[in-house]
C-alpha cells in the first residue's frame, strides 16, 4: 500500500506517495532522512509516513462531499515542475505522462477531482496538512481557465460584500477614484485593502483570521475553500459586531467601531456566508473529472 491506499467509499479515495514509500528501506524516497528533499521538508515526510498523521488527514477530508484522488510526487521531475513553474492548474493525461513519468500510464478517475502535488513550497514553511492541501488546491484552481471564471466571480463578490458592510456599518466613504479598477490614489487603495482585510479577519473563523495573520483579501478565498472542504462543505462566519482593528497603541487595539442594528448585521453576515457556500458548490462541481497540478 502506498500513502493512504484505496478508500473507494470515502471522499478521499486515494492518496499515493510517488514513488511508493518503503518503511523498511532507509533509502526510501519518502524517508525523513532522504538526502534529496525535492521540495518536501523533513516535517512533511514524517507527517505523511506516520499512521497517526495520516488518520488525522483523512478524518478532515471525510467532511467533504466531493470525492478526491491525491498524488504526492517526490522526484527530480516533480521538483522541476515546481522550480520552473510548469504547473498551471488543470493538466491533461498526456501532460502528466510526459512531465511526471513516475505516474505513467496515468489513469485518473472520471467522477472525482484529481490533484497532483509536486512539492510543498510556501513562504511560511507550513507543513503539508489537510488544510494546506485544500488551500493549495485553491491556487491550482486559480490557474485553470475553465474554472477560474466562477472562482473570479467569488473574489469579486467578496470584494463587493465587504465594501457594502464597511459602508453600511463602519461609516466608510469610498473615494470616487477607487470605483475604477486602476483608479484612485495609492494610499486610498491601500487603506481600503486594510479595512477589508480587517473585516474579513473579524468574520472569518479559520486559524489565519482568528490569529489575524491573513496576508491579503485575495488569500481569504483560498482559506474559505480549505474551510469548506474540511468542515462538511460549510463556510461559517463570526456574526459578532467588532471594531476594525487597524493598529495597536501601547499594546492595545485601536480601530473603527461598528454602528447600526446588530440583528441586521448578523443577517447580512449569514447571507454573506451562504453566498460563499453557493459559489464554492459550483466551483467544486466544475472541478469534477479534472486533473490539477498544485
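Read-outs: derived from the displayed coordinates by stated rules, not from any lab. None of these values were measured; they are calculated from a predicted model. Methodologically, a virtual Cβ is constructed for each residue, glycine included, from the backbone with ideal geometry; neighbour enumeration extends over all protein chains shown.
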task = For region 5-128, just the Cα set please: Rg and Dmax, both in angstrom.
result = 14.3, 38
Cα-projected label distance for residue 213 with residue 271, points at 7 Å along beta-carbon direction, nm = 3.4
query = Residue separation times 0.36 nm, minus the C-alpha to C-alpha distance between residue 42 and residue 152: what's the value?
reply = 36.1 nm
ask   = Counting DSSP beta bridges with both partners in region 5-128, what percentage is antiparallel, nearest 5?
value = 15
query = In nanometres, what is the gap between the two model label sites at residue 233 and residue 159, each 7 Å from Cα along Cα-to-Cβ?
reply = 2.9
note = Between residue 34 and residue 173, the two model label points (7 Å from Cα along the beta-carbon direction) sit apart by a distance in nm of 6.0
remark   = The FRET efficiency for residue 262 and residue 85, from their Cβ-Cβ distance with R0 = 51 Å and rounded to 0.05, is 0.65
ask   = For residue 187 and residue 104, FRET efficiency with R0 = 45 Å and r from the beta-carbon atoms, rounded to 0.05?
value = 0.25
ask   = Which percentage, to the nearest 5, of the DSSP beta bridges contained in the chain is antiparallel?
value = 40
key: Mean projected area in nm² (Cα convex hull; one quarter of hull surface) for the chain   = 17.4
